[in-house]
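What follows is a short report on a single structure.
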Amino acid sequence: MDIELLRTFLEVNRVRHFGHAAEALHVTQAAVSARIKQLETLLDVSLFDRTRRAVKLTPEGHRLRRHAERMLADWRKARQEVTAGGARHQLSVSSSPRLWDILLQKWLIELRRQQADLAITTYSLGPDAVIRQLLDGVVDLAFLLDPPQLDVLQVREVATLRLTLVSSTPILSPAYAVDQDFIMVDWGLAHALELQRAFPDMPEPHTRLASARLALEYLRTLGGSAYLPVGMVSSLIRRRRLFVVPGAPRFERAAFAIHAVRSDRKESIEQVLAMFAPAAARAS
């Protein structure tokens, strides 16, 4: 189906006049009438009740309107993703919310500053969905804490997150910190296992959060303790808004960049990852 037929249909419905729709679409009124007639023939229904005073949707027209709006929105999105708005180069990037929060925002801003002609599309999804996007070819590059080991994917470490146990109030005992009002931030399966080994008697946390920024705001508002990146909390520690729990073990989590081995955008990927090191150092 010609997408212009749906666009014309929606415009006639918006202005309720064939002549006014023709002016908005920069075509003749005869062309508008011909498009509506063609659409009605394709669907074998009448879409408008035409009277001397008004143009109104028929029941069938009302039902088509919802689908037409969605189809045009999908078409605009598809055209943007495929053509990148006319940009010469494009890159799609996916990651989990936790890494966008603490690692990728600064990198993305720096990328935009240095490559203003690069069209960028980003996604924020759970790890399983991120991997599916890579395997399906929806995205060119992904960042994860626990990457899969698959022959079709190339994995490289790009940053190290240093996690420290902080609290909203001075606490003398790490065991007390993880026992009372502890916020379990999702730093991946490896961190959960490390935490369990370090604190075998730790009770099940009542609060689990996927976002470090959400955890930080929770701490500052409601109080408690959590493992957060050193770079995120260092200024708050200096101002005594948060407190390092003395004697608590520190953990490190590696962040990885992942892309298809046979990616046709390897050159662009190498360029953006070369920029990653200084941004990662600031974020960790």
Of Val166, Met71, Gln115, whose Cα points farthest to the positive end of the dipole of segment 59-205 (charges on the beta-carbon: +1 Lys, Arg; -1 Asp, Glu; origin at the Cα centre)? Met71
Between Thr51 and Thr122, what's the calculated FRET efficiency when r is the beta-carbon distance and R0 is 45 Å? Round to 0.05. 0.35
Per the Kirkwood formula over distinct C-alpha pairs, the hydrodynamic radius of the chain in angstrom is 22.9 Å
So for Lys106, Lys37, what's the accessible-area order with a 1.4 Å probe, most first? Lys37, Lys106
For segment 127-235, with equal point scatterers placed on the C-alpha atoms only and solvent neglected, what are the log10 I(q)/I(0) values from the Debye formula at q = 0.11, 0.23 1/Å, to two decimals? -0.44, -1.28
Sorted from largest to smallest, which semi-axis lengths in Å does the alpha carbon gyration tensor of segment 1-151 give for its equivalent ellipsoid, taking the root of 5 times each eigenvalue? 45, 18, 13
For His191, His20, give me the order by solvent-accessible area with a 1.4 Å probe, most accessible first, ignoring ligands, DNA and RNA. His20, His191
Project the alpha carbons of segment 1-58 onto their principal axes and report the range along each, largest first, in whole Å. 25, 23, 17
Whole number in Å², please: accessible area per residue of the chain, 1.4 Å probe, ligands, DNA and RNA not counted. 56 Å²
Over the chain, the sum of -39500 (n - 2.57) across DSSP H runs of at least four, divided by residue number and rounded to 500 deg cm²/dmol, gives at 222 nm -14500 deg cm²/dmol
With a 1.4 Å probe and all protein chains kept in place, how do Val27, Val130 rank by accessible area, largest first? Val27, Val130
Could you size up the charge dipole of segment 1-148 around its Cα centre, putting +1 on the beta carbon of Lys and Arg and -1 on that of Asp and Glu, and report it in debye to the nearest 20? 740 debye
Ellipsoid semi-axes in whole angstrom, largest first, where each is sqrt(5λ) of the Cα gyration tensor of segment 78-196: 35, 17, 12
Quote the charge dipole size of the chain about the Cα centre in Debye, to the nearest 20; the model charges only the Cβ of Lys and Arg (+1) and of Asp and Glu (-1). 1140 debye
Figure the gain on full extension for Arg240 and His67 (residue separation times 0.36 nm, minus the Cα-Cα span) and round it to one decimal in nm. 56.7 nm
At what distance in angstrom do the alpha carbon centres of segment 141-158 and segment 1-51 lie from each other? 50 Å
Restricting to bridges with both residues inside the chain, how much of the DSSP beta-bridge set is antiparallel, in percent to the nearest 5? 60 percent
Diffusion constant of segment 124-173 at 10 °C, which comes from Stokes-Einstein with the Kirkwood Cα-pair radius and 1.306 mPa s, µm²/s: 116 µm²/s
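The values are calculated or read from the model by the stated rules, or taken from the named source; none is laboratory data. This is a predicted model, so every value here is computed, not measured. Methodologically, a virtual Cβ is constructed for each residue, glycine included, from the backbone with ideal geometry; neighbour enumeration extends over all protein chains shown. Protein only, heavy atoms only, side chains kept; ligands, DNA and RNA dropped before computing areas. Shrake-Rupley method; radii C 1.70, N 1.55, O 1.52, S 1.80 Å.
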